[in-house]
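First up is the structure itself, then whatever we jot down about it.
The values are calculated or read from the model by the stated rules, or taken from the named source; none is laboratory data. Predicted model only: the values in this text are computed from it and were never measured. In this analysis, Cβ positions are derived from the backbone assuming ideal geometry, glycine residues included, and neighbour counts consider all displayed protein chains. Only protein heavy atoms, including side chains, enter the accessible area calculation; ligands, DNA and RNA are left aside. Shrake-Rupley method; radii C 1.70, N 1.55, O 1.52, S 1.80 Å.
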Amino acid sequence: MSGFIYAVESGGRVKIGFSEKPDRRFHKIASDAPFPCTLLGYWPGTVADELDIHAKFNAVRVHGEWFAATTDLLVFVSAHVVPMSKTVEPKGCEPAASVIAKFSSVKELAKAADVSIHAVGRWRTPKEKGGTGGHIPHWHISKILQAAQDMGLPVSAEDFFPAEVRT
């Protein structure tokens, strides 16, 4: 089967995988990963090509399709892909969607706020569908700001207010 070999970096590790739709696959990985993800790029290939790469770098395999981001692996990837540095874009109600994007995933923001992923999901759901319409409850803001500071993320108090209020 033809498709693409992709490389995603997250937390000092690189995932080498196969997909017919690598952009879509990246967004799924980014939403599930515990650290911010960067799509290093992709190139045409097959499942057999993916398995060959896995075998080549088996000595630095961390888990499954994840490998330590060694110099050799990164050089290999850069020789094969066109760099594109893609990050997660906000989707859903604002300002919650933008705060989620800064944390790179619902899962990561939920961990920072010490709430369930379902609670964070409601923050980016319209009110008519049972969500908060983009509003993050005030009692979570200080914890989120502290977590962002600890993680070195560019989140400020202003990020919790709709754009029309920020004047």
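Every residue, every condition in (1) more than 29 Å from Val99 (Cβ to Cβ); (2) open to solvent by 20 Å² or more (accessible area, probe 1.4 Å); (3) modelled with pLDDT under 90; (4) among the hydroxyl-bearing types (Ser, Thr, Tyr), yes or no:
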{"site": "Gly3", "(1), (2), (3), (4)": "yes, no, yes, no"}
{"site": "Tyr6", "(1), (2), (3), (4)": "no, no, no, yes"}
{"site": "Gly17", "(1), (2), (3), (4)": "no, no, no, no"}
{"site": "Phe26", "(1), (2), (3), (4)": "no, no, yes, no"}
{"site": "Phe35", "(1), (2), (3), (4)": "no, yes, yes, no"}
{"site": "Thr38", "(1), (2), (3), (4)": "no, yes, yes, yes"}
{"site": "Thr46", "(1), (2), (3), (4)": "yes, yes, no, yes"}
{"site": "Glu65", "(1), (2), (3), (4)": "yes, yes, no, no"}
{"site": "Ala69", "(1), (2), (3), (4)": "no, yes, no, no"}
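Let me spell it out: the conditions are (1) assigned to a helix (DSSP H, G or I); (2) more than 14 Å from Ala101 (Cα to Cα), and Thr125 meets all of them except one. Which number is the exception? Going through the list (1) assigned to a helix (DSSP H, G or I); (2) more than 14 Å from Ala101 (Cα to Cα), Thr125 breaks only (1). Restricting the search to helices (runs of 4 or more DSSP H) fully inside segment 5-119 and requiring at least 3 residues that are touching a residue at least 12 places away in the same chain (Cβ under 8 Å) and over 26 Å from Gly131 (Cα atoms) gives 22-32, 47-56, 71-80.
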